[in-house]
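Reading through the structure tokens given below for one structure.
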Amino acid sequence: QGIQPRNFAWILKDKLAVCERPGGYGANHRRVRRQEEIIWIREQGFTCVVTLIPSPHNLHNYDELEVAWRHLPFGVHDDPRAIAEVLFPELAKMLATGGKVLVHQDELSDRVAGLMGGYLLWSGVVPLAPQATSVVERLLGRQMGPTGRDLVALANTLPK
């Protein structure tokens, strides 16, 4: 059955979720934990894992455990607009076809939170940026900083 990834949270119940990198990151990364968490992801019926980590490390583990994945590197120097312009339509398409998607980066940071708030705003699930921010803050159980809030606001400037 595997084990649930750390900091797992639903953004859209049974459709879109977030977590930290399976297995942890940096010195806390554990190979066995990574495998158990990917097994859990597979057993929960996720149809795609969208990984935002900058490097392609460990992507082969998804293949080995037959979990579909999409790599959209989002490093600290990458253009957030370029990522959002690709991510938001892809999420919309996957979810519209009945997909169950998990998005992660190394840690569950303001960057992931901001993108999820931005997606809620861009997709029309939530009508205003402050509401999208508030919803994500409640779902994740923590406040969003300036980086995350900027990513939410960016959604209003993107084409639908």
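The values are calculated or read from the model by the stated rules, or taken from the named source; none is laboratory data. Note that the structure is a prediction, hence the values are computed from the model and not measured. Neighbour counts are summed over all protein chains in view; Cβ atoms, including those assigned to glycine, are modelled from backbone coordinates with ideal geometry. For the accessible areas, the whole protein counts, side chains as well, though only heavy atoms, and no ligand, DNA or RNA atoms are used. Shrake-Rupley method; radii C 1.70, N 1.55, O 1.52, S 1.80 Å.
Does the stretch 74-119 hold any residues that are of a type outside the set (D, E), free of Cβ contacts under 8 Å to residues at least 60 places away in the same chain and open to solvent by less than 50 Å² (accessible area, probe 1.4 Å), and which are they?
Once the filter is applied, which keeps residues that are of a type outside the set (D, E), free of Cβ contacts under 8 Å to residues at least 60 places away in the same chain and open to solvent by less than 50 Å² (accessible area, probe 1.4 Å), the stretch 74-119 yields F74, G75, A82, I83, L87, A92, M94, S109, R111, G114, G117, G118.
The rows are residues; the columns are (1) modelled with pLDDT under 95; (2) open to solvent by 10 Å² or more (accessible area, probe 1.4 Å).
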position: L12; (1), (2): no, yes
position: R21; (1), (2): yes, yes
position: G24; (1), (2): yes, no
position: Q35; (1), (2): yes, yes
position: W40; (1), (2): no, yes
position: V49; (1), (2): no, no
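Criterion first (within 17 Å of the chain's Cα centre (by Cα), of a type outside the set (A, V, I, L, M, F, W, C) and buried (at least 21 other Cβ atoms within 10 Å of the Cβ)) does G141 satisfy it?
no
Exactly one of these conditions fails for R30: (1) open to solvent by 70 Å² or more (accessible area, probe 1.4 Å); (2) within 16 Å of the chain's Cα centre (by Cα); (3) charged (D, E, K, R). Give me its number.
Of the numbered conditions (1) open to solvent by 70 Å² or more (accessible area, probe 1.4 Å); (2) within 16 Å of the chain's Cα centre (by Cα); (3) charged (D, E, K, R), the odd one out for R30 is (2).
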